[in-house]
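**Q** Structure in structure tokens, see below.
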Amino acid sequence: MKGKHSPLFVIFFIVAALSGCGDSGSKDGTPADPGGDSESQESEQSPEQPRTYDITLVTTDGGSLSLTGTQTVEEGTGFSVTIMPRTGYRIESASGCEGMLTDNIFSVDAVTADCAINVSFAHLEYSVTVNASDNGSVTPSATQGVLHGDSLALMITPDTGYRIESASGCGGRLTDNTFSVDAVTTDCTISITFSRKGELNDTGITLCGNYDAENENQWSSSLNCGDAGATQIADGMDAHGNLVPAGQDAHYGRDALAVEGRITKTGGGDAGFDFTKLDAGGNDLPEGATEWSCVRDNVTGLIWEVKAPTNGIVGESLHDADDRYNWYSTESSTNGGSVGYADDDGAICYGYDNADSATYCNTGAFVSRVNAAGLCGANDWRMPRKEEVRSIVHYGRANPSIDTDYFPNTLSFWYWSGTAYANHTRSSWLVNVYHGYVNAGDRSSAAPVRLVRSGPR
């Protein structure tokens, strides 16, 4: 019949359906484990390896890194390298891999790709400042930028009528008109001063001597040249008939002109000397002033320290005339190769404290203390050269041989100069202010000091 199945067909369909499902479970009805062999194979494979990247390190000359070449780094991890400049160099730049430079460490927080770190170095550069006084020129004159270890030379040209008084700083040296620094290794300053050339004080001698007197009891160096009839070209005769030779010291120079009334002085002073008293601020005082702190020599332009009264007791004031000092200087360009003695005799000056080197009784410490105090409004006081000390010696006087109307409280003793003695590195020159002669002395000796500065021109 159409639209209906026979019983035989239904039975066949049921059997076929059951046969097709025969592998879907175990005999006891437990479901089978489909795909069991595939999962077993996956569990036997190795874990996946982390991804890595290459960091290439590149540097210029002038330093090194704590790591070199190409470094392999896992993805997402940090990385750092130490940058080490050589002496005389600095880190100029460091970049790459999105890193950051802190001091001398370049760090990357997380590496995410192949990349390069580039580091460059540059020479250290120092500033050399040139300070020069008036009355001359220096080439180059402006502040210079000098690479580490490079040399520097300055050409110094005094104006007409002037000379180079001093040139120092940066460990350099003056040779003729050239100031040279062999190697600049730090910021520093070169100081240059000029002073008048050819203007010197005379000796102060205005009297003549009878050098040929046969009777030594009649020897004299205090004869009036005019009374004896002695001139530059004609001999004279003293009251005892002794020869008074022509052309003596008293016949020449500023002293002779002063005797003849042929010079005009800015200030005052005996013979050809011309001094002006200065107050504590460095201002001019009238000649009649009874108190003053410094004296300007109007011939040489030098300004001198004036000492406080002497009573045989040291240490009563910074400028005590009784104070003594050992010779000491760390300035290699002027100390002759030896610094001298910083603290050889202990408490021989004002303010000494053996626990404080700034108070030691040596010439270097004394200069520093006077500059710090600003004597007469200035802080450029220094040790005088030998010839500068001699420039105020009055050889027409003795005990002391100086114009005491302007330099009171001067001892008839040896005074230190700042000039080293070439024949012995442990000695420097002294000037004896009893008669005005000079000699070298061991720097451990204790002697007074009169400081000087170069005044305005």
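The values are calculated or read from the model by the stated rules, or taken from the named source; none is laboratory data. Just so you know, these numbers come straight off a predicted model, no measurement behind them. Every residue, glycine among them, receives a Cβ derived from its backbone with ideal geometry; neighbour counts consider all protein chains shown. Only protein heavy atoms, including side chains, enter the accessible area calculation; ligands, DNA and RNA are left aside. Shrake-Rupley method; radii C 1.70, N 1.55, O 1.52, S 1.80 Å.
**Q** How many residues, within the range 290-312, are open to solvent by 20 Å² or more (accessible area, probe 1.4 Å) and either under 28 Å from ASP255 (Cβ atoms) or touching a strand residue (DSSP E or B) at 6+ places or on another chain (Cβ under 8 Å) (or both)?
**A** Total meeting the criteria: 7.
**Q** Output the residues belonging to the range 133-163 that are within 17 Å of the chain's Cα centre (by Cα) and either at pLDDT below 90 or open to solvent by less than 30 Å² (accessible area, probe 1.4 Å) (or both).
**A** Once the filter is applied, which keeps residues that are within 17 Å of the chain's Cα centre (by Cα) and either at pLDDT below 90 or open to solvent by less than 30 Å² (accessible area, probe 1.4 Å) (or both), the range 133-163 yields THR143, GLN144, VAL146, LEU152, LEU154.
**Q** Now a separate question. List, please: which pairs have Cβ atoms under 6 Å, are six or more places apart or on different chains, and start with a residue in the range 230-250 that is over 17 Å from TRP219 (Cβ atoms) and open to solvent by 20 Å² or more (accessible area, probe 1.4 Å) and end with one that is of a type in the set (D, E, K, R) and in a loop (DSSP other than H, G, I, E, B)?
**A** If the second residue must be of a type in the set (D, E, K, R) and in a loop (DSSP other than H, G, I, E, B), the pairs left are ALA246/ASP235.
**Q** If VAL119 satisfies every condition in (1) at pLDDT below 95; (2) surrounded by 14 or more Cβ atoms within 10 Å (Cβ to Cβ) but one, which is the exception?
**A** (1)
**Q** Would you confirm, using the coordinates I've provided, whether ASN362 is surrounded by 16 or more Cβ atoms within 10 Å (Cβ to Cβ), modelled with pLDDT under 95 and either within 17 Å of TRP429 (Cβ to Cβ) or touching a Gly at 6+ places or on another chain (Cβ under 6 Å) (or both)?
**A** no
**Q** In the list VAL81, VAL108, VAL58, VAL130, which residue meets the criterion of being hydrophobic (A, V, I, L, M, F, W, C) and either under 24 Å from GLY145 (Cβ atoms) or at pLDDT below 95 (or both)?
**A** VAL130
**Q** Would you pick out the residues in the range 407-434 that are in contact with a Ser or Thr (Cβ under 7 Å, 6 or more places away or on another chain) and of a type in the set (S, T, N, Q)?
**A** Once the filter is applied, which keeps residues that are in contact with a Ser or Thr (Cβ under 7 Å, 6 or more places away or on another chain) and of a type in the set (S, T, N, Q), the range 407-434 yields ASN409, THR410, SER417, THR419, THR425, SER428.
**Q** Okay, next question. Looking at the range 320-347, which of its residues are without any contact (Cβ under 8 Å) to a residue 40 or more places away in the chain and not charged (D, E, K, R)?
**A** THR330, VAL339, ALA342, GLY346, ALA347
**Q** Exactly one condition in (1) open to solvent by less than 30 Å² (accessible area, probe 1.4 Å); (2) in contact (Cβ under 8 Å) with a residue 60 or more places away in the chain is not met by VAL58; state its number.
**A** (1)
**Q** Something else about it: Counting only residues that are of a type outside the set (Gly, Ala, Ser) and closer than 20 Å to THR310 by Cα, give me the strands (runs of 3 or more DSSP E) lying completely in the range 364-457 with at least 2 of them.
**A** By residue number, 414-420, 427-432.
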